[in-house]
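Peer 1: I have a structure here, written as C-alpha cells, and I will follow up with some questions on it.
The values are calculated or read from the model by the stated rules, or taken from the named source; none is laboratory data. Since the structure is predicted, the reported quantities are computational estimates derived from the model, not experimental observations. Glycine also receives a Cβ, built like all others from the backbone with ideal geometry; neighbour counts cover every protein chain displayed. Accessible surface areas use protein heavy atoms only, side chains included; no ligands, DNA or RNA. Shrake-Rupley method; radii C 1.70, N 1.55, O 1.52, S 1.80 Å.
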Amino acid sequence: MKVLLHHPARETSIKGPKRVGQVLTELDILPDTVLVIRGDELIPEDELVGDAETIEVRPVISGGSRGSRALP
C-alpha cells in the first residue's frame with residue numbers, strides 16, 4: 001500500500017494487507033498522535049487496508065483561541 005505522511009511530507013510503501021494499527025507500528029508512529037484517512041474517510045486502527053490502497057497519515061493538531069480569558 002502507499003502511505004502518504006505529513007510533517008515532514010513524504011511517501012512510503014508497505015506490503016499489505018495490514019490493519020491500520022500494524023501500519024502505524026511499522027512506521028513507529030503512536031496511534032493517538034495521528035489521523036488515518038482513506039479517500040475522504042477517517043479509518044480506525046482495526047481497519048484492514050489492502051495492498052493496492054492508499055492511505056494518508058496526518059498529525060493531530062489542536063489549539064485554543066488566542067487571547068481567551070475565563071469568564072467571571
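Peer 1: So if I place +1 on the C-beta of Lys and Arg and -1 on the C-beta of Asp and Glu, and nothing else carries charge, what would the dipole magnitude of the chain be about its Cα centre? I want it in debye, nearest 20.
Peer 2: Values: 9 positive and 12 negative charges, 79 e Å.
The calculated dipole for the chain is roughly 380 debye.
Peer 1: If you don't mind, another one. State, to one decimal in nm², a quarter of the convex hull surface area for the C-alpha atoms of the chain, i.e. the direction-averaged projected area. Spell out each step's value before the answer.
Peer 2: On the way: hull surface 26.1 nm².
Taking a quarter of the hull surface, the average projection is 6.5 nm².
Peer 1: For the chain, report the accessible area per residue in Å² (1.4 Å probe, heavy atoms, rounded to an integer). Write down the numbers at each step before the final one.
Peer 2: Working: 5460 Å² over 72 residues.
For the chain, the per-residue accessible area is 76 Å².
Peer 1: While we're here: Please list, in order, the residues from region 10-36 whose amide nitrogen is less than 11 Å from a point placed 7 Å along the Cα→Cβ vector of residue 47.
Peer 2: 20-21, 35-36
Peer 1: Of all accessible surface on the chain at a 1.4 Å probe, what whole percent is carbon and sulfur?
Peer 2: Details: 2740 of 5460 Å².
Carbon and sulfur: 50 percent of the exposed surface of the chain.
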